[in-house]
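The values are calculated or read from the model by the stated rules, or taken from the named source; none is laboratory data. Keep in mind the model is a prediction, meaning the values are calculated, not measured. Cβ placement follows ideal geometry from the backbone for every residue including glycine, while neighbour counts extend to all protein chains displayed.
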Amino acid sequence: MKFLAVLCLILIAFAFASANNHGCNNQPCGKGRICHTLKGFCSCIEIPQCKDVELLSQVKNKWEVDNKKFTQYDVAIKNNLDFDITQIYIGTDASLTLRDFSSIWNVNRLPNGELTLPGYQLSVNKNSTYTFGFIINGDCNPNLEILAVTF
């Protein structure tokens, strides 16, 4: 029984480490580059060359309650490629100030703040979009950037 518990902890640690390593062959890609994996092969590409995968933000609603402003956004992950995206990591910063814990949907938020596809969304199909959303405090457009994509 102890063996199974230790094995589970090792697997969880490995999964977390893998999820937070956005480089190729355990090396970060560097500023202005993202990592992508295709059929088991990993490489770093320049972000400007990755226009085939886009993040499109759209304000859906704005309101004010007790002098506090709130804004609802939908974000579409647009896959213009001829094959499916099996995972994506989206970086955020302090500009993503969620209204509360339940104010984000259709996406997983990792402990480090990065966003990934939820477990029930196995891929973003070729030539299609996948949409997630959130509600923030205020009305400033949050900064989102694609960190890594797996094909």
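Applying the criterion of being surrounded by fewer than 13 Cβ atoms within 10 Å (Cβ to Cβ) and touching a residue at least 12 places away in the same chain (Cβ under 8 Å) to the residues of the stretch 85-96, the residue that is farthest from residue 146 (Cα to Cα) is 95. Counting only residues that are within 15 Å of the chain's Cα centre (by Cα) and not basic (Lys, Arg), the stretch 97-151 holds 36 of them.
Which residues, counting only those in the stretch 105-132, are crowded, with 17+ Cβ neighbours inside 10 Å and of a type in the set (Gly, Ala, Ser)? 123 - this is the single residue of the stretch 105-132 that is crowded, with 17+ Cβ neighbours inside 10 Å and of a type in the set (Gly, Ala, Ser).
The condition (being of a type outside the set (Gly, Ala, Ser) and at pLDDT below 95) is satisfied by just one residue among 62, 69, 126: 126. The C-beta contact set for the stretch 130-141 (first residue under 15 Å from residue 54 (Cα atoms), second residue buried (at least 19 other Cβ atoms within 10 Å of the Cβ), distance under 7 angstrom, 6+ apart or interchain) comprises 130/77; 130/124; 131/75; 132/75; 132/107. Each residue in the stretch 122-151 was checked for being part of a loop (DSSP other than H, G, I, E, B) and of a type in the set (S, T, N, Q), and 5 pass.
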